[in-house]
Amino acid sequence: MLGELHASTLATKNCLGTLKWKSNRLSEALVLYESVLDGREASLGPDHPLVVTTVQNLAMLLQAMGRLDEAEAMFTRALASYEQLHGPDHASTTAVVNALGVLYETQGRLDFAATLFERALKAREQELGPNHVKTILVAANLAHLFLRQGRRSDARALYLRCYTLYFTTYGADQPEAVDYRKQLAKCGMLDSSTSR
């Protein structure tokens, strides 16, 4: 009725792609996301916000599939577009900075990952405050990276901050609080026998 490039057709394909991804049918999701990207680029141009969001979704899917080089290229493209559209500290930009940091950590490029996590943490602190859940998630990513690099005191400080937020705001039984307590034990701050 509407044609392959109509916004409703592409939105429906995108939703179907997400459903396939959640059903662990990643190859089918990839075909749909690539089709959505092609269609949106053809109808909206390469720098439209919907196109950039599609690029970001495709990057995350490629990462989940273990196709890290392709994912990196997509994340890099999304980052450049978001920086141009919204600036370096916008929430959308920061989300891609954090995701690219995760990808670099997965690749073992720890120094690059640390730089991106630090950038994302600073932006989230300025935008949302130091105790917002999204800020704490980036702090936890950076803490995990510091632990991998052997920077135990830096990791300990960030994990303590994460644990304190979840403990005081949501309670000690929240999965995040339990995980941060375990990480504190790995940093040597708590007796591992008392971690949950």
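One residue is enough: does the stretch 172-179 have a residue meeting the conditions assigned to a helix (DSSP H, G or I), in contact (Cβ under 8 Å) with a residue 24 or more places away in the chain, crowded, with 20+ Cβ neighbours inside 10 Å and of a type outside the set (Val, Ile, Thr)? No. Being in contact with a helix residue (DSSP H, G or I) (Cβ under 8 Å, 6 or more places away or on another chain), outside any loop (DSSP other than H, G, I, E, B) and not basic (Lys, Arg) is the filter here; which residues of the stretch 116-132 pass it? Passing the criteria: Leu116, Phe117, Glu118, Ala120, Leu121, Ala123, Glu125, Glu127, Leu128. Scanning the stretch 133-171 for residues that are of a type in the set (S, T, N, Q) and either part of a helix (DSSP H, G or I) or more than 18 Å from Leu110 (Cβ to Cβ) (or both) yields Thr135, Asn141, Ser153, Thr164, Thr168, Thr169.
Can you tell me which residue in the stretch 77-94 is surrounded by the fewest Cβ atoms within 10 Å (Cβ to Cβ), limited to those that are among the polar types (S, T, N, Q) and under 19 Å from Gly45 (Cβ atoms)? Ranking the qualifying residues of the stretch 77-94, first place goes to Gln84.
Inspect all residues belonging to the stretch 65-76 and state whether any of them is in contact (Cβ under 8 Å) with a residue 12 or more places away in the chain, under 22 Å from the mean Cα position of the chain (by Cα) and farther than 19 Å from Thr106 by Cβ. Scanning the stretch 65-76, I find no residue that is in contact (Cβ under 8 Å) with a residue 12 or more places away in the chain, under 22 Å from the mean Cα position of the chain (by Cα) and farther than 19 Å from Thr106 by Cβ, so the answer is no.
Checking the conditions here, which among Val97, Val36 is touching a residue at least 24 places away in the same chain (Cβ under 8 Å), among the hydrophobic types (A, V, I, L, M, F, W, C), closer than 21 Å to Lys134 by Cα and surrounded by 14 or more Cβ atoms within 10 Å (Cβ to Cβ)? Even if it seems obvious, please write down each step before you answer.
Values: Val36 fails: closer than 21 Å to Lys134 by Cα.
Just one listed residue meets the conditions, Val97.
Taken over the stretch 111-142, the criterion of being among the hydrophobic types (A, V, I, L, M, F, W, C), at pLDDT below 95 and more than 20 Å from His90 (Cβ to Cβ) is satisfied by Ala140 alone. Which residues, counting only those in the stretch 108-167, are under 24 Å from Val178 (Cβ atoms), touching a residue at least 12 places away in the same chain (Cβ under 8 Å) and of a type in the set (Asp, Glu)? Within the stretch 108-167, no residue meets the criteria. Confirm whether Ser23 is surrounded by fewer than 20 Cβ atoms within 10 Å (Cβ to Cβ) and in contact (Cβ under 8 Å) with a residue 24 or more places away in the chain. Judged against the criteria, Ser23 is not a match. The residue that is nearest to the chain's Cα centre (by Cα), counting only those in the stretch 121-139 that are under 22 Å from Leu184 (Cα atoms) and crowded, with 21+ Cβ neighbours inside 10 Å, is Val138.
The values are calculated or read from the model by the stated rules, or taken from the named source; none is laboratory data. These figures come from a predicted structure and were not determined experimentally. As a convention, Cβ positions derive from the backbone with ideal geometry for all residues, glycine included, and neighbour counts pool all protein chains shown.
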